[in-house]
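The values are calculated or read from the model by the stated rules, or taken from the named source; none is laboratory data. Predicted, not measured: the structure shown is a model, and the values here were computed from it. Positions of Cβ are generated from backbone atoms using ideal geometry, with glycine treated the same way; all protein chains shown enter the neighbour counts. Just the protein is used for accessible areas: all its heavy atoms, side chains included, with ligands, DNA and RNA removed. Shrake-Rupley method; radii C 1.70, N 1.55, O 1.52, S 1.80 Å.
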Amino acid sequence: MLTMDTASQIYNILRQQGCSYLRQADFKPVLDELLATHPGLEFLRTISEFQERYAETVIYRIFYYINRSGTGCLTLRELRRGNLIAAMQQLDEEDDINKIIRYFSYEHFYVIYCKFWELDGDHDCFIDKDNLIKYGNNALTYRIVDRIFSQIPRKFTSKVEGKMSYEDFVYFILAEEDKSSEPSLEYWFKCVDLDGNGVITSNEMQFFFEEQLHRMECITQEAVLFSDILCQIIDMIGPEKENCITLQDLKGSKLSANVFNILFNLNKFMAFETRDPFLIRQEREDPNLTEWDRFAQREYARLSMEEDVDEVSNGSADVWDEPLEPPF
């Protein structure tokens, strides 16, 4: 059985000689072994390209949540503080890979990759601003997309000017779909903190909300005064200093995700305002699921339904009972 003491053993086995941290490449042998032996991934063994994408996605997710320094160098302390060891123990005990929702779920991977594939119109494995602005049915503002592509929250790995790689997209979608997690709060805080002084001011919030307000007016939605929005945000967060919000203020509030949705995601802002009873009930039914878990669950169900419709329209009488086919 794996224990927290096992972290140091795994760390020492995986790291390169003379190196004091783990890199993404150090986890590749673990994923190769998993793909070769886990019964829940047997269906992937004849699809080498999809195996590679699955392995990459798992590793990106691990580093997104556990490598809190964001350096790409995972320390033993970070490994011990994270929940990877528990997830690896679950791998040994559970044949259904989709029940291991931390890092290893195939369904979660499939949702991420399909979202990337849908946006990557020319399928060159890169996404530009025009692609990303379409994300979530054009949910995001141009101003926040500009901040993402200015690489303020995170430097891109693509090495191509004005392009986001698949790895960059994985970090983005995890941050976007669960704004209550610490990595997400840090990601979006950097975006909104325009002068990088560690404090979000009312002027900075107004800068982002201006575009939201314009979009609301364009769809004949009732306009909301920024002064009212600012009061709402301050009430939700309860910052130490009035009209100035720090990262610690956000981490201390359970409503922080709503602040960012109010400022630059119109669809989620409107959903928050209307308090969708279905989503409220869903949260109450399983409070242990994160926002990301619920999003992945909903999206996989949607993709499954689309796959079923395609099967019927193509004249197939069989309803799929296997994991969805790769989008190639």
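Positive end of the dipole of the chain (Cβ unit charges, origin at the Cα centre): among C73, T157, W117, the Cα lying farthest that way belongs to C73. Taking a ≥ b ≥ c as the square roots of the Cα gyration tensor eigenvalues, with a/c under 1.5 meaning rounded and otherwise prolate when a/b beats b/c, else oblate, which class fits region 32-97? Oblate is the answer for region 32-97, as a/c is 1.5 or above yet b/c matches or exceeds a/b.
A 1.4 Å probe over all protein chains sorts H123, H214 by accessible area into H214, H123, starting with the largest. Springs join every pair of Cα atoms under 10 Å in this Gaussian network model of the chain, and among L31, L263, L303 the largest mean-square fluctuation is at L303. You can think of it this way: the chain between R275 and N12 has 89.9 nm of extra reach, that is 0.36 nm per residue less the Cα-Cα gap. A 1.4 Å probe over all protein chains sorts C114, C125 by accessible area into C125, C114, starting with the largest. Based on C-alpha pairs under 8 angstrom that are at least 6 apart in sequence, region 113-212 has a relative contact order of 22 percent. Note on K129: accessible area is roughly 90 Å² with a 1.4 Å probe, heavy atoms of protein only.
In a simple Cβ point-charge model (Lys, Arg +1; Asp, Glu -1; nothing else charged), the chain has a dipole of about 1400 debye relative to its Cα centre. Just checking the listed ones, T57, T157, T246: in the Gaussian network model of the chain with Cα springs under 10 Å, the one fluctuating most is T157. Entry comment: accessible area of region 57-141 is 42 Å² per residue, from protein heavy atoms only and a probe of 1.4 Å.
Of the residues Q248, V192, N83, the one whose Cα sits farthest towards the positive end of the charge dipole of the chain is Q248 (charges of +1 on Lys and Arg Cβ, -1 on Asp and Glu Cβ, taken about the Cα centre).
Defining a contact as two alpha carbons under 8 Å apart and six or more residues distant in sequence, what relative contact order in percent does the chain show? So the answer I get is 14 percent.
Taking all protein chains in place and a 1.4 Å probe, what share, in percent, of the accessible surface of region 120-278 do carbon and sulfur account for?
Summing carbon and sulfur atoms, their accessible area is 50 percent of the total for region 120-278.
Between the listed residues I219, I148, I13, the Cα displaced farthest toward the positive end of the dipole of the chain, a dipole computed from Cβ unit charges relative to the Cα centre, is found at I13. Here the Karplus curve 6.51 cos²θ - 1.76 cosθ + 1.60, taken at θ = phi - 60°, turns the phi angles of region 50-59 into couplings of 6, 4, 4, 5, 4, 4, 4, 5, 4, 5 Hz, with x standing for Gly and Pro. The slack between E49 and R81, meaning 0.36 nm per residue of separation minus the straight C-alpha distance, is 8.3 nm. Short-range pairs are left out: with C-alpha atoms under 8 Å and at least six residues apart, the relative contact order of region 15-103 is 29 percent. In the set (1) 21.5; (2) 19.9; (3) 20.8, the label that goes with Kirkwood radius over Cα pairs in Å computed for this structure is (1).
Counting protein heavy atoms only, region 15-103 has 45 percent of its accessible area on carbon and sulfur, 1.4 angstrom probe. Measuring only protein heavy atoms, the 1.4 Å probe finds D124 accessible over about 60 Å². With the whole protein complex present, Y103 retains an accessible surface near 10 Å², based on a 1.4 Å probe. The Q206 and T290 beta-carbon pair, evaluated with R₀ = 41 Å, returns a calculated FRET efficiency of approximately 0.85. For the residues M236, M205, a 1.4 Å probe over the protein chains yields an accessible-area ranking, largest first, of M236, M205. Of E273, E182, E204, the residue with the greatest mean-square motion in the GNM of the chain, using alpha carbon springs below 10 Å, is E273.
Helices in the chain, meaning DSSP H runs of at least 4 residues, each add -39500 (n - 2.57). Divided by all residues, the mean residue ellipticity at 222 nm is -17500 deg cm²/dmol.
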